[in-house]
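The values are calculated or read from the model by the stated rules, or taken from the named source; none is laboratory data. Since this is a predicted model, take the numbers as computed values, not measurements. Ideal geometry is used to build each Cβ from the backbone, glycine not excepted, and the neighbour counts take in all protein chains shown. In case anyone asks, the SASA skips ligands and DNA or RNA and just uses the protein heavy atoms, side chains included. Shrake-Rupley method; radii C 1.70, N 1.55, O 1.52, S 1.80 Å.
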Amino acid sequence: MKKVILFIMSAVMFSSIGAQKINIGVVVPDNAIDGVASSVFSSLSTKLERMITNCGGTSVNNGNIVLYPEFNFVNDDMIEGGMRNIYSVNVEMTVKAVSLRSNNNFGAVSWTLKGKGYSKSEAVKDGLGKLNTDDPKFGHFYNDIKTKIEKYYVANRAAIMTRAKSLAAQQQYEEAIALLYDYPAGISGSSEVLSLLTSVYRKYQTANCSRALQEARAKFAVQEYDEAASIIADIDATSSCANEVKALSEQIRNKINADQVAEQEMEMRKYEADASVERARWKAIGRVASAYYYRWYVPYNTIVARRWYYY
């Protein structure tokens, strides 16, 4: 069962939200390519995400800035012998950082990796597995593109905000939130972007409060209590239907079993100690942005050509 934190009401007003680090997604092939299984690329994605995290960034969704690897098989040999053939590969992998909206290329880093296995896919997996998640080469690459990405956002701040305002006016709140959410905290103009993000999110909550509450009640009616709790957890404490949400939250509490109650209470105490309503709202904003980007999935083979929109 999915663990959720029941909605917690608080009188604390929203004044600020948590800092958003540079967010860089990872896009890899989701199908087998040249005899290499998709699971091998999936493992590579996990490794690249860990490398981003080790450098101080985040990789919570694909977002606007993504890394995508390109592969060049310099050597691909099959050695016959014994009961099974052995494959040996020499792969040049170049990882590029690009903006999906503007097609900006922020830089690239390359490795030459060698691997062996009983199939080409296993050999490539062996080679990619040797990639060090703390490789200094990637650290230098990350610091370089981080500076370029920050300059990119500062240079495009006015256009980003204008676009977001236009989207919000058309009630395309999710796209506006995703656009603003990507703007890193702590750089020039971030306070203005944050203020606009707060305003757009409040409008989004007002527009979606009744719909979300109705959806949560439907889940409650069929005894899907965790799902109902998950839905109302994203409803803002200052929204127009907050009192109704609080009442439904109490109903959910009364329905779940004793073990779940104890677990939920422990989670809520931790939640109240470690995070305010503002932080919960920031997490909810992040989920809205992630959901938007998930719907706009970009296939690997069109990563460069595809442009979502211009600022």
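Taking all protein chains into account, the per residue accessible area for segment 101-223 stands at 49 Å² (1.4 Å probe). Quick one: go through segment 19-53 and flag any residue whose amide nitrogen is under 20 Å from the point 7 Å out along the Cα-to-Cβ line of residue 185. Answer for segment 19-53: 19-25, 52-53. Scaling the Cα radius of gyration of segment 147-241 by the globular reference 2.2 N^0.38 Å produces a ratio of 1.32.
Stokes-Einstein diffusion coefficient for segment 22-116 at 37 °C in a medium of 0.692 mPa s, Rh from the Kirkwood formula over Cα pairs: what value in µm²/s? Don't skip to the end; give the middle numbers.
Details: Rh = 14.7 Å.
Diffusion coefficient, whole number: 223 µm²/s.
Under the simplified labelling scheme, the residue 211-residue 255 pair shows an inter-label distance of 2.2 nm, with each label point 7 Å from Cα along Cα→Cβ.
Express in nm, to one decimal, how much length is gained between residue 78 and residue 155 on full extension, taking 0.36 nm for each residue of separation and deducting their alpha carbon distance.
Numbers: separation 77, 0.36 × 77 = 27.72 nm, distance 5.10 nm.
Extra length available between residue 78 and residue 155 comes to 22.6 nm.
Here, P(r) means the percent of Cα pairs in each 5 Å bin from 0 to the largest distance; for segment 70-203 it is 2, 9, 15, 13, 11, 10, 9, 9, 8, 7, 4, 2, 2, 1. Listed by chain and number, the lysines whose alpha-carbon sits under 28 Å from that of residue 255, ignoring those within fewer than 8 places in the same chain, are 2, 3, 219, 246, 270, 283. Averaging the Cα positions of each part gives two centres, and for segment 175-225 and segment 99-132 these lie 36 Å apart.
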